[in-house]
Amino acid sequence: MSAALADRYRIERALGAGGMATVYLAEDLKHHRKVAIKVLRAELSAMLGEERFLKEIELTASLQHPHILPLFDSGSAGGSLYYVMPFVEGETLRGRLDREQRLPITEAIRLATEVAGALDYAHREGVVHRDVKPENILLHDGHAQIADFGIALAVRTAGGERITATGMSLGTPQYMSPEQASGERDVDARTDVFALGAVVYEMLAGTPPHTGPTAQAIIARLLTERATALTVLRPDVPAPVAAAVARALSKVPGDRFATTADFSAALAAGSDVRRRPAMRWVLAAAGALAVVVAMGIGVRNRRTPAPMLPGTLVQLTRDAGLELDPALSPDGRSIAFAAGPVGSMRIFVRQISGGRTIAIAESLAVNQRWPQWSPDGATIVFHTGIAEGEDDPTTKPDELYVVPALGGTPRRVLADTASNFSPSWSHDGTRIVFGRGVGIAARGLYEVNVRGDTAPRRLVTASGGEIQGSLWAGRWSPDGSMLAYVSGNPRFGLGTSHLGNNAPASIWVLTLADGRTHRMTADSSLNVSPAWTPDGRTLLYVSNRDGGRDVFRIGVNRNGEPDGRPERVTTGIGASAIDLARDGRTLAYSVYTAYSHIWSVPISASGEASLADATQVTFGGEQVEGLALSADGRWLAYDSDRSGNGDIWRIATSGGQPVQLTTDPHGDYVQDWSPDGSEIAFHSFRTGQRQVFVTTRDGDGAAQVTTMRGESANPEFSPDGNSIAVEYFDGTSSQVLVTSRLRRGAAWSAPRTLTTRGGTDPSWSPDGQWIAYVSNGIRRMSPSGDDDQLIVPASAAPGGKPLFAYWSPDSRTLYYKSYDARNGSSIWSVPASGGAPRLLIRFGDPSKPSARREFATDGKRLYFTVAEPQSDVWLMTLREK
């Protein structure tokens with residue numbers, strides 16, 4: 001292809017590939033401009049024939065509209081058909097949605113209006129797009145352009161029924177109209193109305209109107225089920241807008257809008273409802289206001305806080321890598337934050353207006369996190385060490401230090417050996433509140449004199465499962481009467497290998513006068529980073545309760561109880577931590593993304609493998625945590641947040657198009673395949689805490705395996721597929737348990753304990769003789785719990801602390817993953833009977849760590865995740881409506 005086009009285009013690189021074509025970036029040598037060349041697959045080109053395809057594409061080339069990507073050229077070269085379009089600097093709507101999940105309502109409607117205008121113009125010219133989807137909508141300078149206009153029609157017309165025989169899809173199931181899905185050839189503009197309705201639905205709800213594990217399942221739901229109402233998934237969508245989208249998604253074409261222009265007009269009118277209420281509603285509201293005021297006199301603790309709206313945005317940091325944990329100085333002129341590679345971060349301070357960034361504790365060569373200013377702005381407290389909640393928090397205690405705000409000699413606040421973390425100042429500057437480790441009996445929330453010369457006093461005792469077992473991020477109210485804190489998932493904000501963990505957490509408030517605790521949020525989603533408004537009557541916090549992470553708020557009455565329901569403040573900012581200025585008008589937040597994908601590399605027969613030789617398996621804007629390899633080595637199951645939360649997907653080890661298997665909103669995390677490849681074991685938060693489930697390889701249903709008071713996770717099938725080893729955590733320690741069934745489909749038994757030594761991450765050998773697990777090193781035991789042996793001692797393991805083990809197919813070798821003191825990871829192999837470990841690969845680039853423990857191997861290749869963490873600090877002004 002490159003040679004055939006050498007006189008007209010210089011092909012530079014591939015931009016991406018789809019089911020029908022591959023797109024290349026090239027330079028137009030005649031006009032000296034960048035172009036995108038789309039090359040149809042060879043077998044498709046052969047089927048269509050040049051003359052027929054180019055004839056059908058002529059009409060598309062004549063379309064001229066500001067929101068239609070024009071067609072520059074087309075032809076045949078190297079045996080393949082191609083067409084040439086402008087290269088647009090920007091991204092597709094799919095890329096934006098993968099990153100932000102959903103868009104602000106006004107922006108979604110504006111983009112929909114632009115697309116609708118382009119479609120309406122094309123329809124009047126006699127062209128129906130037939131494949132409207134986020135991937136074909138390009139965003140350039142904030143405006144939309146539709147690509148591939150009429151290509152689907154050209155392919156179908158030129159290829160006829162032969163296209164169907166190839167299995168290629170002319171259309172995307174999530175956005176197909178019912179008549180398209182039913183195979184009708186003669187479709188009209190109302191097909192594009194339906195597809196645009198599906199795109200608008202996803203822009204607003206964060207998910208397409210119909211989803212499923214396979215294309216067939218999606219089409220079945222499309223033809224038989226009505227999409228969930230938009231107002232259920234996103235209550236702030238105006239009812240007229242939701243009604244317009246629902247009409248566009250009608251099953252019968254005659255029930256839809258006749259034109260995209262009509263659909264656009266209905267969206268625009270519906271979105272104006274809130275800004276231009278009818279006068280009768282204004283008068284009614286005025287009358288109702290007097291009643292509300294009168295009622296408010298008699299209600300002691302109820303109030304209606306002024307609605308908050310996001311205002312101006314300013315990006316404060318732009319360096320590659322991580323900038324986390326923003327904290328505004330009391331005078332609002334400076335900001336402190338943590339920056340650097342995971343596991344080796346340092347605390348920095350800079351002025352908001354600009355100037356030099358200062359490292360304030362350079363003498364401490366240890367990981368530094370979570371700075372907090374003293375009320376007078378003279379001192380900063382922070383914590384050091386590998387963060388609490390990690391797999392082995394006892395390696396080195398997390399400690400608290402205070403240091404002058406402009407730098408100096410740090411002073412340790414606590415000299416004990418406990419793991420102390422996430423500090424915060426009291427309102428009067430005399431005390432510091434902090435969390436204390438999950439791995440000790442005295443875990444909970446504490447306060448200590450700022451001089452550190454008194455014993456810490458426990459304020460809240462942690463108890464129960466992990467949701468209640470880790471308390472952190474305590475924040476005093478402005479008057480010192482209440483303390484807000486986070487219960488559960490310290491790995492999200494404090495972790496290293498698990499930084500950004502998706503497990504749930506909840507916000508609580510302690511009233512110091514009576515010692516009572518009050519739940520502010522549910523624990524079925526992530527709720528972290530509480531921040532008080534100046535009046536002490538509202539908490540802002542970060543939550544992913546509606547999909548992506550945004551800032552929410554909830555009122556707090558004088559008794560420390562929730563006052564009203566949570567309300568969304570921002571949309572689509574992806575915040576991970578926040579801090580609010582004393583005036584309540586400036587919000588600092590960090591935006592953390594950890595795109596991570598599966599890679600594979602051949603195992604070297606003698607030396608160490610290099611990441612430079614690795615092949616990327618998964619792509620896109622997503623975070624992959626766990627992965628599992630089928631016994632035949634053909635399939636990978638993995639979890640990904642690309643659909644808004646953790647769901648299970650399947651992909652061939654050779655790559656290709658992934659298939660979504662689960663769609664539960666509470667988060668599913670994969671661990672193992674059954675030996676026959678028919679089932680996948682995973683743990684999920686569907687019941688409010690981690691429990692083990694099993695689903696089929698196609699995602700048809702999910703059977704719950706464990707129903708325990710504590711949390712069970714990391715399930716591993718036995719070789720016969722009728723037993724599962726699980727890791728159980730009761731709030732104080734981990735154990736390895738086994739549950740069994742008589743046959744597939746039968747009930748699972750109550751789990752029995754294999755070891756009380758304490759252990760994590762069980763792994764069953766393929767011959768059924770051993771279960772490997774982690775307990776101060778890599779150990780193995782028989783399935784009865786006997787013959788417990790230490791294979792790799794933690795104290796002598798090369799590469800650092802071993803944290804995950806995996807068996808070779810012949811059960812003779814154990815592979816394991818280790819982490820050094822700076823969180824650098826490596827994978828090793830060791831004889832299953834013990835011996836000298838051999839290094840297989842080391843992940844030395846801190847900007848691209850293999851942070852997660854999970855990996856897999858068939859003895860020939862290693863499969864693992866590589867992350868590209870990125871975070872910056874932003875400022876947002878808040879204003880009242």
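The values are calculated or read from the model by the stated rules, or taken from the named source; none is laboratory data. This is a predicted model, so every value here is computed, not measured. Cβ: placed from backbone, ideal geometry, glycine included. Neighbour counts: every protein chain shown. All accessible areas refer to the heavy atoms of the entire protein, side chains included, with ligands and DNA or RNA removed. Shrake-Rupley method; radii C 1.70, N 1.55, O 1.52, S 1.80 Å.
Given labels modelled 7 Å from the Cα in the Cβ direction, how far is it in nm from ARG582 to ALA265?
Modelled inter-label distance: 5.6 nm.
How high is the FRET efficiency from SER481 to GLN870, r the C-beta distance, R0 45 Å, rounded to 0.05?
0.70
Through the Karplus equation 6.51 cos²θ - 1.76 cosθ + 1.60, θ set to phi - 60°, convert the phi angles of the stretch 581-597 into ³J(HN,Hα) values in whole Hz; use x for Gly and Pro.
Once rounded to whole Hz, the list reads 5, 4, 7, x, 10, 10, 10, 9, 8, 9, 10, 9, 10, 10, 4, 9, 9.
Test of understanding: what is the full-extension gain from ALA365 to ASP319, defined as 0.36 nm times their sequence separation minus their Cα-Cα distance?
Computed gain between ALA365 and ASP319 is 14.4 nm.
Pull up the cross-link candidates among the aspartates and glutamates for LYS860, meaning alpha carbon to alpha carbon under 19 Å and not fewer than 8 places away within one chain.
GLU608, ASP613, ASP632, ASP672, ASP767, ASP810
First check a/c for the stretch 512-582, with a ≥ b ≥ c the square roots of the eigenvalues of its C-alpha gyration tensor; if it is under 1.5, answer rounded, and if not, answer prolate when a/b is larger than b/c or oblate otherwise.
Prolate shape, in that a/c is at least 1.5 and a/b is the bigger ratio.
Can you give the accessible area per residue of the chain, in Å², using a 1.4 Å probe?
Roughly 40 Å² per residue, with all protein chains present.
For a 30 Å ceiling on Cα separation, which of these pairs sit above it: LYS34/LYS133; LYS55/LYS133; LYS38/LYS817?
Check vs 30 Å cut-off fails for LYS38/LYS817.
Does the stretch 69-148 classify as rounded, prolate or oblate by the C-alpha gyration tensor (a ≥ b ≥ c root eigenvalues; a/c under 1.5 gives rounded; else a/b over b/c gives prolate, otherwise oblate)?
Oblate, since a/c reaches 1.5 and b/c is not below a/b.
Specify whether the C-alpha gyration tensor of the stretch 771-881 places it in the rounded, prolate or oblate class, a ≥ b ≥ c being the square roots of the eigenvalues: rounded for a/c under 1.5, otherwise prolate if a/b is larger than b/c and oblate if not.
Judged from the Cα gyration tensor, the stretch 771-881 comes out prolate (a/c at least 1.5, a/b above b/c).
Pairs of alpha-carbon atoms within less than 8 angstrom and 6+ residues apart define the contacts here; what relative contact order does the chain have, in percent?
8
Before rounding to the nearest 500, sum -39500 (n - 2.57) across all DSSP H runs of length at least 4 in the chain and divide by the residue total; then give [θ] at 222 nm in deg cm²/dmol.
When only DSSP H runs of four or more count, the value is -5000 deg cm²/dmol.
About the Cα centre, and with charges only on the beta carbon of Lys, Arg (+1) and Asp, Glu (-1), how big is the dipole of the chain? Nearest 20 debye, please.
So the magnitude is around 1740 debye.
Positive end of the charge dipole of the stretch 1-149 (Lys, Arg +1 and Asp, Glu -1 on Cβ, about the Cα centre): tell me which of LEU40, ILE57, SER76 has its Cα farthest that way.
LEU40
What's the carbon and sulfur percent of the chain's accessible surface, probe 1.4 angstrom, rounded to a whole number?
51
Tabulate in residue order the Karplus-calculated ³J(HN,Hα) for the stretch 830-846, using 6.51 cos²θ - 1.76 cosθ + 1.60 with θ = phi - 60°, rounded to whole Hz; enter x for Gly and Pro.
After applying 6.51 cos²θ - 1.76 cosθ + 1.60, I find 8, x, 5, 8, x, x, 7, x, 10, 6, 9, 7, 10, 9, x, 8, x Hz.
Under a crude label model (7 Å from the Cα following the beta-carbon direction), how far is LYS860 from ALA42 in nanometres?
2.3
Determine, from the Cβ-Cβ distance of ASP376 and ARG709 and an R0 of 51 Å, the FRET efficiency 1/(1 + (r/R0)^6), rounded to the nearest 0.05.
FRET efficiency, ASP376 to ARG709: 0.65.
Taking Cα Rg over 2.2 N^0.38 Å straight from the coordinates, which label in (i) 1.00; (ii) 1.11; (iii) 1.04 is the correct one?
(i)
Near LYS251, which aspartates and glutamates are there with a Cα under 19 Å away, not counting those fewer than 8 places off in the same chain?
Cα-Cα hits under 19 Å: ASP131, GLU179, GLU184, ASP186, ASP188, ASP192, GLU202, GLU225, ASP262.
I'd like to verify something in the chain: which complete DSSP H helices, judged by Cα projection on the helix axis, reach 15 Å or more and average at least 0.5 on the Kyte-Doolittle scale?
189-205, 260-271, 279-297
Hey, quick one: spin label on ASP535, modelled 7 Å out along Cα-Cβ, who in the stretch 551-569 has an amide N within reach, i.e. under 15 Å?
554-559, 563-564
Under unit Cβ charges (Lys, Arg +1; Asp, Glu -1), what dipole magnitude, rounded to 20 debye, does the stretch 654-743 have relative to its Cα centre?
Once rounded to the nearest 20, the dipole reads 200 debye.
Under a Cβ-Cβ cut-off of 9 Å, what is the net charge of the residues other than PHE717 that fall near it, where Lys and Arg count +1 and Asp and Glu count -1?
Neighbour charge sum, excluding PHE717 itself: -4.
Rounded to the nearest 0.05, what FRET efficiency do LYS55 and GLU125 give with R0 = 22 Å and r taken as the Cβ-Cβ distance? Could you check?
After rounding to 0.05, the efficiency reads 0.85.
What is the local net charge at SER590, summed over the other residues whose Cβ is closer than 9 Å to its Cβ (Lys, Arg +1; Asp, Glu -1)?
-3
Could you give the nm distance between label points at ASP428 and ASN559, where each point is 7 Å from its Cα heading toward the beta carbon?
With each label placed 7 Å out from Cα toward Cβ, I get 2.7 nm.
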